[in-house]
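Asker: Supplied in structure tokens, the structure appears directly below.
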Amino acid sequence: MAAFLALISGLMWGTGDFFGGFVSKKVRPVKVLILSYPIGLFFLVIMAFMLPGNITSDSIIYGSIAGVIGILAIGSLYIALAIGPMGVMSPVSAATSTVIPIIIGIFIGENINSIGWLGIFLAIIAVIMVSFERREGGAKLSVSLKGLVIAISSGMFIGMFLSIVGLSSSESGIWTLVFARIVSTLIAFSYFFITKDEDFKSTYKSNLIALILISGVLDATANALFVI
């Protein structure tokens with residue numbers, strides 16, 4: 001069951017990140033986050049009350065730390081996806097995000113069997129292969145070094161976020177995610193209003209808003225399934 005939930009979680013993350021990255025090509029990534037994060041927070045709060053778990057000191061402490069790292073993770077991911085190509089940046093970030101949890105898992109005594117190591121090896125090979133993706137007509141995709149660096153950084157931040165959330169007490173349920181999302185939302189809004197150089201409503205279109213909201217719901221649900 002755990003593996004199945006992890007698979008569904010990954011599919012939701014991938015879909016949500018695609019929508020968020022797509023919109024980030026048209027508006028500033030921070031303008032995506034200040035809409036997607038509050039809607040995600042709304043759904044997380046509802047799920048937190050529905051699922052077993054209590055507000056604990058762990059959920060507040062780990063959630064606050066994860067919130068700071070989480071906004072850096074998704075913010076840098078959207079920047080990398082906006083630079084593109086998305087077909088390269090997304091898998092690079094995804095594969096990199098596995099490094100930190102693996103290291104921490106081994107450090108706290110978890111064992112990875114031969115099938116697990118094979119999966120890790122194949123993920124690395126997949127990233128190398130996808131970097132050779134070509135456009136229609138055979139022309140090689142132009143991959144930005146800046147984009148790759150940001151995608152790798154995003155993956156590291158995502159791995160740190162997942163690891164910190166995973167270290168929180170199981171008694172917390174998904175309240176750790178709630179506090180993480182609260183902190184991330186506050187940071188996103190603070191950054192937007194500090195660096196504000198355009199009207200809040202400018203550049204938003206109804207179809208883009210819909211994709212942003214779907215992205216927020218999928219991301220929040222994926223996080224909840226990951227914790228479960």
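The values are calculated or read from the model by the stated rules, or taken from the named source; none is laboratory data. It should be emphasised that the depicted structure is a prediction, and the values quoted were computed from it without experimental measurement. Counting neighbours? That spans all protein chains shown, and the Cβs are built from the backbone with ideal geometry, glycine included. Calculation scope for accessible area: heavy atoms of the full protein, side chains included, ligands and nucleic acids excluded. Shrake-Rupley method; radii C 1.70, N 1.55, O 1.52, S 1.80 Å.
Asker: Starting from the range 1-20, take each residue that is of a type outside the set (A, V, I, L, M) and list its partners that are open to solvent by 60 Å² or more (accessible area, probe 1.4 Å) and assigned to a helix (DSSP H, G or I), counting only C-beta distances under 9 angstrom and pairs at least six apart or across chains.
Answerer: Ser9/Phe226; Gly10/Phe226; Trp13/Phe226; Thr15/Ile214; Gly16/Ile214; Phe19/Ile214
Asker: Then there is this: From Ser90, Ser36, Ser24, grab the single residue that is open to solvent by 40 Å² or more (accessible area, probe 1.4 Å) and either among the aliphatic types (A, V, I, L, M) or out of contact with any Cys (no Cβ under 8 Å at 6 or more places or on another chain) (or both). Please lay out each step first, then the result.
Answerer: On the way: Ser36 fails: open to solvent by 40 Å² or more (accessible area, probe 1.4 Å); Ser24 fails: open to solvent by 40 Å² or more (accessible area, probe 1.4 Å).
That would be Ser90, the only listed residue that is open to solvent by 40 Å² or more (accessible area, probe 1.4 Å) and either among the aliphatic types (A, V, I, L, M) or out of contact with any Cys (no Cβ under 8 Å at 6 or more places or on another chain) (or both).
Asker: If you don't mind, another one. Scanning the range 39-57 for residues that are of a type outside the set (S, T, N, Q) and touching a Ser or Thr at 6+ places or on another chain (Cβ under 7 Å), which turns out surrounded by the fewest Cβ atoms within 10 Å (Cβ to Cβ)?
Answerer: Our first condition is that a residue be of a type outside the set (S, T, N, Q); within the range 39-57, this holds for 39-53, 55.
So of that shortlist, the ones also touching a Ser or Thr at 6+ places or on another chain (Cβ under 7 Å) come out as 41, 43, 53.
Working: Leu41: 20, Phe43: 18, Gly53: 22.
Per the stated criteria, the residue is Phe43.
Asker: Additional query: Counting only residues that are touching a residue at least 60 places away in the same chain (Cβ under 8 Å), under 13 Å from Ala180 (Cα atoms) and part of a helix (DSSP H, G or I), how many does the range 49-76 have?
Answerer: Of the range 49-76, the ones touching a residue at least 60 places away in the same chain (Cβ under 8 Å) are 51-56, 58-60, 62-76.
Remaining after also requiring under 13 Å from Ala180 (Cα atoms): 55, 58-60, 62-74.
Checking the rest, the ones that are also part of a helix (DSSP H, G or I) come to 58-60, 62-74.
Qualifying residue count for the region: 16.
Asker: Ok, one more. Restrict the check to the range 58-70 and report whether at least one residue is open to solvent by less than 40 Å² (accessible area, probe 1.4 Å) and under 28 Å from Lys205 (Cβ atoms).
Answerer: Looking for residues that are open to solvent by less than 40 Å² (accessible area, probe 1.4 Å) and under 28 Å from Lys205 (Cβ atoms), one finds at least one in the range 58-70, hence yes.
Asker: Something else now. Quick check on my filter: what residues within the range 98-123 are aliphatic (A, V, I, L, M) and either under 19 Å from the mean Cα position of the chain (by Cα) or within 22 Å of Ser153 (Cα to Cα) (or both)? Even if it seems obvious, please write down each step before you answer.
Answerer: Of the residues in the range 98-123, the ones aliphatic (A, V, I, L, M) are 99-100, 102-104, 106, 108, 112, 115, 118, 120, 122-123.
Within the range 98-123, Val99, Ile100, Ile102, Ile103, Ile104, Ile106, Ile120, Leu122, Ala123 qualify.
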